[in-house]
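**Q** Sharing a structure, written as structure tokens. Questions coming.
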Amino acid sequence: MLSKTSRSHRRLSNFVEWIKPEPETREVIIKQAGDIRLAIKGHAVADGLSVLATPNSGSFAKHTGLRRHMRGGAEIEGQDVDLPFVVKPATADGEHIDELLRRFERYAAKSYPETPREVTASSVELQFVASKLNYDLVPMLLSDHPDYQLILKKDGSRRLTSVAKHTEFVKKRTEDSQALPGPVTFNECVRLMKWWRCTRISEKGSIDEVRTTLIELMCADAFDRLQVESTYTATLARWFAWLASVTARRLTVRFLDYKTIEPFKESSQKNRLWYVLDPVNENNNVVHSNWTSIQLSEFADWFASGRDALSRIMSHEQAGRDTAVDQLLAELFGNAVIAHGELS
């Protein structure tokens, strides 16, 4: 077992401090997000749209965000800031996602006419060039259940979810890890896994996207089964080994944190090859619906390669082969882990 003074653990400890959004960025986000909420809500209310809540959401609320960083020609995604707006339109026609997105784009244009914006499938993204921060304005509808909302889909369907419970899901595991001996925490492991995901995607295989939610839930499954070790190296080694098995065998990943309030619909999982189920609503499989056996096999190979690299790191470390340790860390996390995981 590696000690807390091991080379790889010290590098990863310093690196995870660096990949966090800078403290001043959090201060900017808190102020800017508050200003955006007020501005958008003002235009929405003037337009006859009731705004019932604007809950905190995304990696900012969960403390799992990354700093924005260029890696070669690719950009690490950086801190995402989701701004859900739980609304109540005056008419049924106003509840369609296309209509709501048109409205929110109009509110964004009035509030920030000089700020670039993009309409996605479920949000309006505001792109603040000066602060290098993007904010996703996400219209949602109130559901019949307290603390739950309805996400609107392009096909007209609705998906029950809970912004607060998704945040609570991650925060609880972070708090549980903080109660264990040692410096390793759940949310910091999520940051490392998200960064690792970006380095793998940049290698241009058959996978061009891996949802943050999928990474978070896989980390949660690993944590629930294995907890954390006294070092980041040992923790990630065990997590990668477990997740390599899960993905290769396509084991279903599910959680029992919350009671089911929406009956399970077998049709919602039709023709899917693998299931990682949303803890808030099991009818939501977060595995990409367009993934075929090719993508699933490549994803499994990612974890197997990570498992093998971490095993070799620990072997090299015990033998005192520092150069080999650094080379393998760079293969996993990019050269930034050496440049910004400085040894003190």
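Here's the yes/no breakdown for (1) part of a helix (DSSP H, G or I); (2) in contact with a strand residue (DSSP E or B) (Cβ under 8 Å, 6 or more places away or on another chain); (3) on the phi < 0 side of the Ramachandran plot:
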{"site": "T247", "(1), (2), (3)": "yes, no, yes"}
{"site": "L256", "(1), (2), (3)": "no, no, yes"}
{"site": "E262", "(1), (2), (3)": "no, yes, yes"}
{"site": "L273", "(1), (2), (3)": "no, no, yes"}
{"site": "V287", "(1), (2), (3)": "no, yes, yes"}
{"site": "M314", "(1), (2), (3)": "yes, no, yes"}
{"site": "I338", "(1), (2), (3)": "yes, no, yes"}
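**Q** Would you confirm whether any residue within region 282-291 is within 18 Å of the chain's Cα centre (by Cα), closer than 23 Å to V184 by Cα and either surrounded by 13 or more Cβ atoms within 10 Å (Cβ to Cβ) or not assigned by TED's automatic domain parsing to the domain that holds K172 (or both)?
**A** Within region 282-291, not a single residue is within 18 Å of the chain's Cα centre (by Cα), closer than 23 Å to V184 by Cα and either surrounded by 13 or more Cβ atoms within 10 Å (Cβ to Cβ) or not assigned by TED's automatic domain parsing to the domain that holds K172 (or both).
**Q** Within the group T247, T252, which residue is in contact with a Phe, Trp or Tyr (Cβ under 9 Å, 6 or more places away or on another chain) and under 18 Å from V190 (Cβ atoms)? Spell out how you get there, then give the answer.
**A** Details: T252 fails: under 18 Å from V190 (Cβ atoms).
Unique residue meeting the criteria: T247.
**Q** If you don't mind, another one. Does F240 fit the bill of being within 17 Å of the chain's Cα centre (by Cα) and part of a helix (DSSP H, G or I)? If you could, list the steps in order and put the result at the bottom.
**A** Numbers: within 17 Å of the chain's Cα centre (by Cα): no; part of a helix (DSSP H, G or I): yes.
No.
Conditions tested, residue by residue: (1) over 17 Å from I313 (Cβ atoms); (2) crowded, with 21+ Cβ neighbours inside 10 Å.
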residue: S206; (1), (2): yes, no
residue: E209; (1), (2): yes, no
residue: A222; (1), (2): yes, yes
residue: L226; (1), (2): yes, no
residue: S230; (1), (2): no, no
residue: T233; (1), (2): no, yes
residue: L236; (1), (2): no, yes
residue: A244; (1), (2): no, no
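**Q** Taking only pairs six or more apart or across chains, which ones have beta-carbon atoms under 6 Å, a first residue in region 240-258 that is small (G, A, S), and a second residue that is in a helix (DSSP H, G or I)?
**A** Cβ pairs passing all conditions: A241/R307; A244/F303; A244/A304; A244/R307; A248/A300.
**Q** Output yes when any residue across region 297-308 is more than 22 Å from the chain's Cα centre (by Cα) and without any contact (Cβ under 8 Å) to a residue 60 or more places away in the chain, and no when none is.
**A** Residues of region 297-308 that are more than 22 Å from the chain's Cα centre (by Cα), as a first pass: 308.
Imposing the further condition that a residue be without any contact (Cβ under 8 Å) to a residue 60 or more places away in the chain reduces the set to 308.
The answer is yes, given that some residue of region 297-308 is more than 22 Å from the chain's Cα centre (by Cα) and without any contact (Cβ under 8 Å) to a residue 60 or more places away in the chain.
**Q** I'm trying to understand the selection: among the residues of region 30-54, which are within 25 Å of K132 (Cα to Cα) and outside any helix (DSSP H, G or I)?
**A** Listed by number, the list holds a single entry, T54.
**Q** With the condition kept exactly as written, say whether any residue in region 213-228 is in contact with a Pro (Cβ under 6 Å, 6 or more places away or on another chain) and either part of a loop (DSSP other than H, G, I, E, B) or touching a residue at least 60 places away in the same chain (Cβ under 8 Å) (or both). Walk me through it before giving the result.
**A** First, pick out the residues of region 213-228 that are in contact with a Pro (Cβ under 6 Å, 6 or more places away or on another chain): none.
Within region 213-228, none of the residues are in contact with a Pro (Cβ under 6 Å, 6 or more places away or on another chain) and either part of a loop (DSSP other than H, G, I, E, B) or touching a residue at least 60 places away in the same chain (Cβ under 8 Å) (or both).
**Q** Continuing with this model, one more query. Restrict the check to region 177-186 and report whether at least one residue is in a helix (DSSP H, G or I), more than 17 Å from the chain's Cα centre (by Cα), buried (at least 18 other Cβ atoms within 10 Å of the Cβ) and modelled with pLDDT of 95 or more. Outline the logic, then answer.
**A** Taking region 177-186 first, the residues in a helix (DSSP H, G or I) are 177-178, 186.
Right, trim to more than 17 Å from the chain's Cα centre (by Cα) and you get 177-178.
Then keep just the ones that are buried (at least 18 other Cβ atoms within 10 Å of the Cβ); that gives 177.
After this cut, where a residue has to be modelled with pLDDT of 95 or more as well, the list is 177.
There is at least one residue in region 177-186 that is in a helix (DSSP H, G or I), more than 17 Å from the chain's Cα centre (by Cα), buried (at least 18 other Cβ atoms within 10 Å of the Cβ) and modelled with pLDDT of 95 or more.
**Q** Scan region 254-300 for residues that are among the acidic types (D, E), modelled with pLDDT of 95 or more and touching a Ser or Thr at 6+ places or on another chain (Cβ under 7 Å) and jot them down.
**A** E298
**Q** Among the candidates S143, S206, which residue alone is farther than 25 Å from I19 by Cβ and assigned by TED's automatic domain parsing to the domain that holds A222?
**A** Working: S143 fails: assigned by TED's automatic domain parsing to the domain that holds A222.
The conditions single out S206.
**Q** If L152 satisfies every condition in (1) of a type in the set (A, V, I, L, M); (2) in the same structural domain as G65 (by TED's automatic domain parsing); (3) modelled with pLDDT of 95 or more; (4) buried (at least 21 other Cβ atoms within 10 Å of the Cβ) but one, which is the exception?
**A** (3)
**Q** Moving to a separate point now. Condition first: under 20 Å from V45 (Cα atoms) and either surrounded by fewer than 15 Cβ atoms within 10 Å (Cβ to Cβ) or free of Cβ contacts under 8 Å to residues at least 40 places away in the same chain (or both). Now tell me which residues in region 105-122 satisfy that. Walk me through it before giving the result.
**A** First, pick out the residues of region 105-122 that are under 20 Å from V45 (Cα atoms): 105-113.
Across region 105-122, the qualifying residues are E105, R106, A109, K110, P113.
**Q** When you look at R37, is it assigned by TED's automatic domain parsing to the domain that holds R197 and either over 25 Å from E203 (Cα atoms) or at pLDDT 85 or above (or both), yes or no?
**A** Numbers: assigned by TED's automatic domain parsing to the domain that holds R197: no; either over 25 Å from E203 (Cα atoms) or at pLDDT 85 or above (or both): yes.
Taking the combined requirement at face value, the residue does not satisfy it.
The values are calculated or read from the model by the stated rules, or taken from the named source; none is laboratory data. Just so you know, these numbers come straight off a predicted model, no measurement behind them. Cβ atoms come from the backbone with ideal geometry, glycine included; neighbour counts cover every protein chain shown.
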